1. When you go through (1) assigned by TED's automatic domain parsing to the domain that holds Ser115; (2) modelled with pLDDT of 80 or more one by one for Glu44, which number turns out not to apply?
2. With modelled with pLDDT under 75 and assigned to a helix (DSSP H, G or I) as the only criterion, which of Gln31, Gln78, Gln9 stands out?
3. Report whether or not Lys130 is of a type outside the set (S, T, N, Q) and modelled with pLDDT of 80 or more.
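The values are calculated or read from the model by the stated rules, or taken from the named source; none is laboratory data. Please read all numbers here as calculations on a predicted model, not as lab measurements.
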Amino acid sequence: TLEEFKEYQKEQGFSKEEKKNLREKLKLQKQKEKEKLKKDKLKEMKRQKKMRDAGVYDIGYEFQTNKNIEKIESTILQFSIDWKNIDEYLNKEHDVIKEWITGNELAIIHKELRSLVDEYMRIEYELLKKAWCADNKKKYKSSMAKKAKNTKDNKIKTSNDLTANRTNESLYEELKKLEIIENYPKKYFDSFLGDFNMMADDTRNDNHI
């Protein structure tokens, strides 16, 4: 989504230390939420026990939830938000809502292009750095990490096709000679005769039904 892309774009500008601090912060936040839920549950249990001791019983039933139900509820909520200002009565042709498609696709395209833009910016930086070193008569040293060459991809792949120098006609004749390919006569269901179904014949009535 567009919000996730914004968060991703924001995190890209962080340093390693900032990313580490962010992960620790999120971990601490989840731990606090877990402890809060545990305290609330314990508090509710104490409240119900106090009510039972006083002779008051809570007959209301609280339905338990799970991750799947929470996901459905969040989807329904998002659906109501998206469609709140949409009047389908005016959309008689049932055309697509272009704003939704362009918004989501724009976030995906931005995320894909970000890596390409970063790569081109690094190359541009290296060119400027090289030109600056040449103008100031200093030794140029590339800051881009050298990738190890993949020797497997450079190897010439040999074909294991044993019939590469054979024509289709010669292959067909060989299969025909080995009786793998044969000319079969046409057959119809009427050609196959079987035993009479005596049981079905016995159960027929006088009208042959």
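1. Only one criterion in (1) assigned by TED's automatic domain parsing to the domain that holds Ser115; (2) modelled with pLDDT of 80 or more is unmet by Glu44, namely (1).
2. Gln9
3. It is true that Lys130 is of a type outside the set (S, T, N, Q) and modelled with pLDDT of 80 or more.
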